[in-house]
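Scroll down for the structure; my scribbles are underneath it.
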Amino acid sequence: MARLEIHFGDNLEVLKRIPDGSVSLVYIDPPYNTGKIMHRHEISIERRGEGHLGFEDRRYASVRVGTKSFSDIFHQDEHLLFLEERLVEAKRVLADDGSLFLHMGVSESHYCKVLLDQLFGRSSFMNEIVWAWDYGARTKRRWPAKHDVIFWYAKDPERYVFDLDACDRLPYLSPHLVGSEKAERGKTPTDAWWHTIVSPQSREKTGYPSQKPLGILERIVKVHSRPGDMLCDFFAGSGSFGDAATRNGRDCILVDNNRQALEVMQERFKEHPDVVWRDWDARPRASEPSDPAPARVLQAEA
Ligand SMILES: C[S@@+](CC[C@H](N)C(=O)[O-])C[C@H]1O[C@@H](n2cnc3c(N)ncnc32)[C@H](O)[C@@H]1O
């Protein structure tokens, strides 16, 4: 199994210690500058005298048992300056044939693209991937915003990893028009990726706000790196990118400065055989209850 190195701390400080050219693929999903504290509430369904009627005619109630959150409040210039310092380091640590993927919400993505063009050069811009989903409430006041943007920049636009054969395949919309062999194989994706979010009912859910789905991240890992490569996500959150990397035989450096993110990663990777923790004591805490936690349903709130 591939190795994970997980750092608790400010990513700028950690990045400065990573050697030049040592990372093949960087994926980052920084705060989007939504101007909000991002929350995800954990709801436990418990048997209660009052509450809604459920299994075997017993009554159940939803009880809020915890909230995980991180701050996403910046001034516009601050947000770009904050990113710029870290993107300069990201470019430095990338191998000559390495790639950077920056995941961003639509309210900031255009500013980020201009910044990336300045730092990497316009010729290094490879794709703007649109990740679209359909889940959740729909406003009636405008078109419901249901996509993020993922920019791909290659450090050297003449030399980069793009292994399309390693990509998952999609069913043709009209399979009868392409013949049975092609229909059986499916087609490769375009730059518009439909994929559901990590929903409250999803088996992937960790309870961390803004957790990204493995389906999206595994596609990036498989197509844009080779087994045995070193990958990095220095805005790691729940550690989804590290999970996608190690499931596919790549080593990965993860960084986050939020204690709750580290706690989530500690739980997520507790069975992982090769994790190195930096500036984080990953021994089980004495105060942790020995009883198994109740089944939890998670509710997202942005
Ligand atoms: C949008 S979330 C990432 C979610 C992640 N992609 C996932 O799938 O769970 C952004 C993360 O960046 C972290 N972060 C913000 N500023 C940071 C900094 N200076 N150093 C390290 N992590 C930081 C936040 O704590 C938060 O966990």
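Name every residue in the range 1-24 that is away from the ligand (no atom under 12 Å from the Cβ), assigned to a loop (DSSP other than H, G, I, E, B) and at pLDDT 95 or above, in order of residue number.
2, 3, 17, 18, 19, 20, 21, 22
Residues 198, 223: which one is more than 9 Å from the ligand (Cβ to nearest atom) and of a type outside the set (Ser, Thr, Tyr)?
Numbers: 198 fails: more than 9 Å from the ligand (Cβ to nearest atom).
223 is the lone residue from the list that is more than 9 Å from the ligand (Cβ to nearest atom) and of a type outside the set (Ser, Thr, Tyr).
Of the residues 267, 263, which single one is over 21 Å from residue 20 (Cβ atoms), within 12 Å of the ligand (Cβ to nearest atom) and assigned to a helix (DSSP H, G or I)?
Values: 267 fails: within 12 Å of the ligand (Cβ to nearest atom).
Of the residues listed, the single one that is over 21 Å from residue 20 (Cβ atoms), within 12 Å of the ligand (Cβ to nearest atom) and assigned to a helix (DSSP H, G or I) is 263.
Please name all residue pairs, on different chains or six or more residues apart, with Cβ atoms under 7 Å, provided the first residue is in the range 142-156 and is under 19 Å from residue 21 (Cβ atoms) and the second residue is among the charged types (D, E, K, R) and surrounded by 13 or more Cβ atoms within 10 Å (Cβ to Cβ).
155/91; 156/97
Conditions tested, residue by residue: (1) more than 22 Å from the chain's Cα centre (by Cα); (2) charged (D, E, K, R).
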| site | (1), (2) |
| --- | --- |
| 112 | no, no |
| 123 | yes, no |
| 129 | no, no |
| 135 | no, no |
| 138 | yes, yes |
| 149 | no, no |
| 152 | no, no |
| 155 | no, yes |
| 159 | yes, yes |
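List the pairs whose first member sits in the range 232-244 and is on the phi > 0 side of the Ramachandran plot, whose second member is of a type in the set (Ser, Thr, Tyr), and whose Cβ atoms are under 9 Å apart, counting only residues at least 6 apart or on separate chains?
What qualifies is 237/206; 237/208; 237/210; 239/206; 239/208.
Kindly check whether there is at least one residue in the range 178-192 that is acidic (Asp, Glu), part of a loop (DSSP other than H, G, I, E, B), within 11 Å of the ligand (Cβ to nearest atom) and modelled with pLDDT of 95 or more.
The initial filter retains those residues of the range 178-192 that are acidic (Asp, Glu), namely 181, 184, 191.
Narrowing the set further to residues that are part of a loop (DSSP other than H, G, I, E, B) leaves 191.
From the residues that got through so far, the ones that are within 11 Å of the ligand (Cβ to nearest atom) too are none.
Within the range 178-192 (the criterion being acidic (Asp, Glu), part of a loop (DSSP other than H, G, I, E, B), within 11 Å of the ligand (Cβ to nearest atom) and modelled with pLDDT of 95 or more), the answer is no, since none of the residues qualifies.
Restricting to the range 103-126, name every residue that is of a type in the set (Ser, Thr, Tyr) and within 16 Å of residue 77 (Cα to Cα).
First, pick out the residues of the range 103-126 that are of a type in the set (Ser, Thr, Tyr): 107, 109, 111, 123-124.
Across the range 103-126, the qualifying residues are 107, 109, 111.
Restricting attention to the range 233-252, and to residues there that are more than 12 Å from the ligand (Cβ to nearest atom) and outside any helix (DSSP H, G or I), which single residue is surrounded by the most Cβ atoms within 10 Å (Cβ to Cβ)?
Checking each candidate, the answer is 252.
Looking at 77, 117, 96, 57, which one is surrounded by fewer than 16 Cβ atoms within 10 Å (Cβ to Cβ), more than 14 Å from the ligand (Cβ to nearest atom) and at pLDDT below 70? Reasoning before the result, please.
Numbers: 77 fails: at pLDDT below 70; 117 fails: at pLDDT below 70; 96 fails: at pLDDT below 70.
That would be 57, the only listed residue that is surrounded by fewer than 16 Cβ atoms within 10 Å (Cβ to Cβ), more than 14 Å from the ligand (Cβ to nearest atom) and at pLDDT below 70.
Answer yes if at least one residue in the range 32-42 is at pLDDT 95 or above, within 12 Å of the ligand (Cβ to nearest atom) and of a type outside the set (Phe, Trp, Tyr), and no otherwise. Break it down stepwise before answering.
As a first pass, look at the range 32-42 and keep what is at pLDDT 95 or above: none.
Checked the range 32-42: no residue is at pLDDT 95 or above, within 12 Å of the ligand (Cβ to nearest atom) and of a type outside the set (Phe, Trp, Tyr).
Go through the range 83-93 and count every residue that is buried (at least 16 other Cβ atoms within 10 Å of the Cβ) and within 12 Å of the ligand (Cβ to nearest atom).
Number of matching residues: 3.
The values are calculated or read from the model by the stated rules, or taken from the named source; none is laboratory data. Being a predicted model, the structure only gives us computed values, none of them experimental. Don't worry about glycine lacking a Cβ; one is built from the backbone with ideal geometry, like all the others, and counts go over all protein chains shown.
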